[in-house]
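Take a look at the structure set out below.
The values are calculated or read from the model by the stated rules, or taken from the named source; none is laboratory data. In this text, all values refer to a predicted model and were calculated from it rather than measured experimentally. Don't worry about glycine lacking a Cβ; one is built from the backbone with ideal geometry, like all the others, and counts go over all protein chains shown. Note: areas computed on protein heavy atoms with side chains; ligands, DNA, RNA excluded. Shrake-Rupley method; radii C 1.70, N 1.55, O 1.52, S 1.80 Å.
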Amino acid sequence: MSAQKDCEFLVKKARELVSEDPCAAKAWLITARTLYPADFNIQYEMYIIERNAEKTASAGRLLYDMFINFPDQPIVWREISVITAALRSDSQDKHAQFLRGLFETLPGRVQCEMLLKATEQCFNTLEKAEMLLLLLKRFPESVVQHGVNLGETLLEAEVSENVETPVNCFRKLFVCDVLPLVMNNMDMRLPTSLMQKYILKAAEFYIGYVSRGPSPDVQIQGTQDGGTLKSPGVSRGSQRYVIDGLSEKSSVVAEPWERLLDIVTVVGARCEWQGDKGQRNYVDLFQRVKELCRYLPSLEGETRSRCCSQVVICTALILFRSAFLYVSAVQPSLFQGQSLLHAMNSGPWILVEDLSSVYSDVDVERAALKHAHKKRKLVDGREKTMSSDDEEGLGKSRGRHIFVNKAEMPSWAETLESFRTARESWDLLYSHDGLETEFKKICAAWKTESWLWFRIFLTDMIIYQGQYRKALSSLHQMAAVHQPQPGQQSPSGQASLEHHRALIQQASCHYALGEYRMACEKLLDVVGGLVPPSQDLNRSHEDQGRTKTRPRRGNDLRLLPCTSRAVLPFCLQLMLALFKLRAFTDSRDDLSLGHVVVLLQFDWPQGEMLFLKAVEKICQQGSFQYENFFNYVTNIDMLEEFAYLRTPEGGRIQLELLPNQGMLIKNPSPALGVELNTLLLQGVQTMDRHHTVTRGITKGVKEDFRLAMERQVSRCGENLFSVLHRFCVNEKIIIIQSLP
Amino acid sequence: MGDIRQSLLPRDVLSAAKELLYHLDIYICNLVQSGRQPPLVDSKTLELVEEFILHAPKDRNAPVRKMSALQELQLLEIMCSCFQEQSRDAVRQLIFSTLFNLQGNQADESRMMLLGKLVSMAVAVGRVPILECAATWFQRTHGVYCVRLAQVLVDDYCSMVPGSGPTLHNIHSMSPRFCCQFITAVTTLYDLSSEELTPPLELLQMIVLWIQEDPRLVLITFLNTPLSGNQPLSCLDVTPLGGLVRWCIKAPLAYRRNEKQVRTNGSSESETDAGPLFSALHLSVLQVFMLLPNILSEKGLYGHLALLQLDSVAALTSDLARLLEQTDEHTHTCADAHALSQLALDRLAQALQVAMASRALLCSREDLRAICSRLPHNNLLQLVLSGPVMYYNNIHTPPLAYSPHTAHSPIASHTTLPTLPTHTPLVSHPASHTQYHTQPFMTGVQFPFRPSH
């Protein structure tokens, strides 16, 4: 006879009854409990009945009793861990919601104790942290005791678990959940150094989060030429992002930059930073930092170092944010989330020299270029000095204007403003040795040199500053990193275009440095990989032409959309720029002049003035030899002009424009030449029957010219892009060789 | 106030009654204002009420004034608004008791008639002040009359007009005090001794719902009453617990009896529903018992006040024993009958154990054994009568009694464990081995359910 047997009998009886008459079962258990109040199984059975019936209040009451009376029962702990798991999860299923409701019915003190004990029984760091976090969130007074420890545990876990990125589950909990609790708890005394450490941890996380690349399992198919999204997977796939160890929902961080600003505000208030307490936005923040910087030199000792760290931290955040905003507009496919936003209306953009003044007079250009070089030197000399905001006032690096097609980039103003802010904050960080040292420490800790997106910004910045040599070395490195991967190649050729991004910038830099041959090589590499767009694309250039109201100083920049319809024109203009100066030197260079004529066809009649100058030069020379003429010149105005040049009225200029002419004279033997010759002769014979008979050896040549002219006239409707593209591809070697 | 009689006489019945009510209101207002303790209404006034409101003949010679049904309805309406408009509780109470407190004369009949109609009307139109007054009336009036009033309401709302139950249902929110008293009266009225004294299903459902919604409802009167300790014996119990316990325990047997009768009569539909209702009600009763330790402690009555009287329990057990013997004689063959008997005994055992543990029933297990001696065997009852085994195998968990502190108190209070109720030494009971079917209670004898080792 034992109490245990009695209890077993009572519980068994209740179990038998529960399905058909739960009230009777409960009556049995109530009776049983009054008989054996210390028996766990009776109370557990009562709890199970209420729990299975999802009766929140009564189940909570019984759980409470069990927690109080049987704190050592493993079953109770198993139950509590199920409940705390439900609390941590964001599951919306009915049972999880019931369990959460159950927990809510418990008195706060018991909740607190339960969570603490449950935490103690957790071995997994992440779970333990989540559990403790539940506690801290519910019971702010516990933050004082556990807050910092929890934070440190998470940061240690990051190290011990060898996570690769700052965007990991531990850091996410630390930054998004623990840190606000700790920082906002004014009962806690936090040393300044700790707060600085924390804000940098937070910043690293948030920056890493916003600049995270697209998920590897999701193929980002950017759209070229602003077309519609054809892949259905893009819209759904690219938004999905899960931090390892967290659920999809808790991997989402809303408004990262705003959260970071919140932390800046709190840290600012706690560290007694100079200036206004509430940082409403990054613009205000930057304004304040700039003011602070002015009297930084006058400070000494601890005040100075405190001020220094304030400036460095704030400015670094402004720098990375602005740089990120700039790069996310210029190279959106680098980022998860951003890619979708931007891919809709623009692909990547390339910062290059603005060449819309390429059609202007050579002399003006030449003078401007010389002037610019002088200025550049001057600016490089005083690179590290801060100047006023006056863009127009100073030389090249200060006053460079960046053109952008406003219709194609609706957010152009913000993008350029971000670029400017980023540059200014960079300058500010390098304006004092103290700041620079501190900033470099941050960069080293964050390994910013491995951030491709930041390098893109830096490269664009040094291009803007006119430090082309430095920019080139940076671009070489990037080109190596940013090789198109076989898997990424999309049908639209986007990936290869992005790869060309670096090449185009290199070409632009070489051009700016006066290294024409290098520039030419790079740009021909680019053109070789392009597919010529269809004809009707000249409209966008008409736009550009119209905006060209004020005279260009020849040192402006342009944000060029990375699409073949924009890149090919740019390459052609760049080529024109390369040959223009050579073509119009005092010495004779027919090859260059011929290239110029071919290239001037593009965007006709923009280059009319230059063409007339070329004609003038030919007239002065009295002769002109360019064997590619009939292969690549299809412009009717030009053809007419050249036809006229041969006439007595035109000055009987000796024109050697037929390929076979040159071949006949220079190289009469090769098989190809003979074939061509016979082909052309046949043409002459047929022509003879219709036209007036002419005499002499040159008469046949004259007829060939006429014939070729007539044929060219019929080619007028040909896609100019195709013609010029062919020119670049077929004549690549000659073109490059014609540059020194 | 006696002098207004002359002015009332010439009036017609309704306006006289109206006039009297008006004067009564003023008179009692003044009486309460005067602060005399206790405020006593003089006999002249009581006589006027009997003559002009209750229309009891003053003497044999006087002509019997009688109201038409319409006039009576108008009077009730006037009374309703009279109570509704009187804002002072004390005045209202005094008017009510002047009108309806039984005087032990021949006017009491018409007094009860009018009271029944007034309360029924108050329930219908939701006049809370009248229900509150009636609740107090229930407390002060002899049980017989309380039961009569309850009968009127049950007739009006459960029998006369089918479907009017919901109206009555609302009284628990309008006046929980009235509701509680009503339950007490109804459980006293229907003692399940015959078919007529079996509560209508509609009423049962209502009561189960009320108590499930708020188990404390049955304790309202007890909670609101400053206990004088010596309640007049003739009054209703302060809680319906005794009545409810009786219902639940006797129900399996009573309804079985009814069922048999119905079966012979033809249709049977309601009986099937009563089972679960009583099961739920029984659970609610046990839950109410579990509330008691705290409440009794708060009132300083823990262990001093028996809300369940031992003699009423004794009456119940002997009643039950008789019923079981009867059924035993009639239904030897029926397996169902055995199950129902066991259900009744299970409930008895549960009610006794829980009531005792919650100190609503103040007695020893020995006392229980005495009053249960005639009952047939039941495992749980056996266990309850012998009490829990005192040593506990699990030495790690200290035995916890159901003290008033365990329920809602902080953890720390567990250090002060109340001593367990002392286990009564088992003694053989003289009556325990007299009959074949009775509780075979013997010292040291193992229970059948306990496997022997």
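Quick grid of which residues meet (1) modelled with pLDDT under 75; (2) surrounded by 16 or more Cβ atoms within 10 Å (Cβ to Cβ):
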site	(1), (2)
A:Cys509	no, yes
A:Gly514	no, no
A:Arg517	no, no
A:Leu523	no, yes
A:Val527	no, yes
A:Arg539	yes, no
A:Glu542	yes, no
A:Thr549	yes, no
A:Arg553	yes, yes
Every residue from segment B:139-151 that is within 18 Å of B:Ala107 (Cα to Cα), assigned to a helix (DSSP H, G or I) and open to solvent by less than 50 Å² (accessible area, probe 1.4 Å)
B:Cys146, B:Leu149
If you go through segment B:370-388 one residue at a time, do you hit one that is at pLDDT below 85, within 14 Å of chain A (Cβ to nearest Cβ) and under 26 Å from A:Arg61 (Cα atoms)?
yes
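Test of understanding: among A:Leu707, A:Leu657, A:Leu724, A:Leu739, which residue is modelled with pLDDT of 85 or more and buried (at least 16 other Cβ atoms within 10 Å of the Cβ)?
On the way: A:Leu707 fails: modelled with pLDDT of 85 or more; A:Leu657 fails: modelled with pLDDT of 85 or more; A:Leu739 fails: modelled with pLDDT of 85 or more.
Residue meeting the stated conditions: A:Leu724.
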Filtered residues of segment A:173-203 (kept if in a helix (DSSP H, G or I), open to solvent by 20 Å² or more (accessible area, probe 1.4 Å) and in contact (Cβ under 8 Å) with a residue 24 or more places away in the chain):
A:Cys176, A:Asp177, A:Pro180, A:Leu181, A:Thr192, A:Leu194, A:Gln196, A:Leu200, A:Lys201
List every residue pair whose Cβ atoms lie under 8 Å apart, where the two residues are 6 or more positions apart in sequence or sit on different chains, the first residue falls within segment B:190-216 and is within 16 Å of B:Phe278 (Cβ to Cβ), and the second residue, located anywhere, is part of a loop (DSSP other than H, G, I, E, B) and of a type in the set (Gly, Ala, Ser).
B:Leu201/B:Ser270
Residue selected from segment A:456-494 under the condition open to solvent by 40 Å² or more (accessible area, probe 1.4 Å) and aliphatic (A, V, I, L, M), by the criterion modelled with the lowest pLDDT
A:Val481
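So which residues in segment A:75-98 are among the aliphatic types (A, V, I, L, M) and under 22 Å from A:Gly245 (Cβ atoms)? First the steps, then the outcome.
We begin by selecting, within segment A:75-98, every residue among the aliphatic types (A, V, I, L, M); these are A:75-76, A:80, A:82-83, A:85-87, A:96.
Passing the criteria: A:Val82, A:Ile83, A:Ala85, A:Ala86, A:Leu87, A:Ala96.
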Do you know which residues across segment B:175-206 are open to solvent by 10 Å² or more (accessible area, probe 1.4 Å), part of a helix (DSSP H, G or I) and within 20 Å of B:Val238 (Cα to Cα)?
B:Pro176, B:Arg177, B:Thr188, B:Leu189
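Quick check on B:Val147: is it farther than 18 Å from B:Leu236 by Cα and at pLDDT 85 or above? Before the answer, list the steps.
On the way: farther than 18 Å from B:Leu236 by Cα: no; at pLDDT 85 or above: yes.
It is false that B:Val147 is farther than 18 Å from B:Leu236 by Cα and at pLDDT 85 or above.
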Of the residues that make up segment B:152-169, is at least one open to solvent by less than 20 Å² (accessible area, probe 1.4 Å), part of a helix (DSSP H, G or I) and either of a type in the set (S, T, N, Q) or closer than 16 Å to B:Cys235 by Cβ (or both)?
no
Any idea which residue in segment A:616-658 is nearest to A:Leu720 (Cα to Cα), counting only those that are aromatic (Phe, Trp, Tyr) and outside any loop (DSSP other than H, G, I, E, B)?
A:Tyr632
Name the residue that is most open to solvent (accessible area, probe 1.4 Å), counting only residues in segment A:62-86 that are facing another protein chain (nearest Cβ under 10 Å) and of a type outside the set (A, V, I, L, M).
A:Asp72
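Which of the residues that make up segment B:221-246 are in a helix (DSSP H, G or I), closer than 18 Å to B:Leu291 by Cβ and modelled with pLDDT of 85 or more?
Within segment B:221-246, B:Leu241, B:Gly242, B:Gly243, B:Leu244, B:Val245 meet the criteria.
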Any idea which residue in segment A:1-10 is farthest from the other protein chains (Cβ to nearest Cβ), counting only those that are crowded, with 20+ Cβ neighbours inside 10 Å and more than 22 Å from B:Gly275 (Cα to Cα)?
A:Cys7
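For segment B:349-368, name all the residues that are under 26 Å from the mean Cα position of the chain (by Cα), more than 23 Å from A:Ala14 (Cα to Cα) and not polar (S, T, N, Q).
Filtering segment B:349-368 down to residues under 26 Å from the mean Cα position of the chain (by Cα) leaves B:349-365, B:367-368.
Narrowing the set further to residues that are more than 23 Å from A:Ala14 (Cα to Cα) leaves B:359-365, B:367-368.
Scanning segment B:349-368 gives B:Arg359, B:Ala360, B:Leu361, B:Leu362, B:Cys363, B:Arg365, B:Asp367, B:Leu368.
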Given (1) open to solvent by 20 Å² or more (accessible area, probe 1.4 Å); (2) more than 9 Å from chain B (Cβ to nearest Cβ), number of the condition A:Asp21 does not satisfy
(2)
Mind checking which pairs have a first residue in segment A:31-54 that is without any contact (Cβ under 8 Å) to a residue 12 or more places away in the chain and a second that is outside any loop (DSSP other than H, G, I, E, B) and of a type in the set (Val, Ile, Thr), Cβ under 7 Å, 6 or more apart or different chains?
A:Thr34/B:Val354
Within segment A:221-244, restricting to residues that are surrounded by 19 or more Cβ atoms within 10 Å (Cβ to Cβ) and not β-branched (Val, Ile, Thr), the one that is modelled with the highest pLDDT is A:Ser238
Scan (1) part of a loop (DSSP other than H, G, I, E, B); (2) open to solvent by 20 Å² or more (accessible area, probe 1.4 Å); (3) facing another protein chain (nearest Cβ under 7 Å) for the single condition A:Ala38 breaks and write down its number.
(2)
Residue within segment B:69-84 that is open to solvent by 50 Å² or more (accessible area, probe 1.4 Å), assigned to a loop (DSSP other than H, G, I, E, B) and either modelled with pLDDT under 80 or under 30 Å from B:Ala124 (Cα atoms) (or both) present:
no
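Determine if segment B:32-39 includes at least one residue that is in contact with a helix residue (DSSP H, G or I) (Cβ under 8 Å, 6 or more places away or on another chain) and small (Gly, Ala, Ser).
First, pick out the residues of segment B:32-39 that are in contact with a helix residue (DSSP H, G or I) (Cβ under 8 Å, 6 or more places away or on another chain): B:32, B:39.
Now narrow it down to the ones that are small (Gly, Ala, Ser): none.
The answer is no, given that none of the residues of segment B:32-39 is in contact with a helix residue (DSSP H, G or I) (Cβ under 8 Å, 6 or more places away or on another chain) and small (Gly, Ala, Ser).
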May I ask you to say which residue of A:Ala53, A:Ala59 is within 60 Å of the chain's Cα centre (by Cα), away from chain B (no Cβ under 12 Å) and open to solvent by 40 Å² or more (accessible area, probe 1.4 Å)?
A:Ala53
Scan of segment A:243-259 for residues that are assigned to a helix (DSSP H, G or I) and touching a residue at least 60 places away in the same chain (Cβ under 8 Å), ordered by number:
A:Trp257, A:Arg259
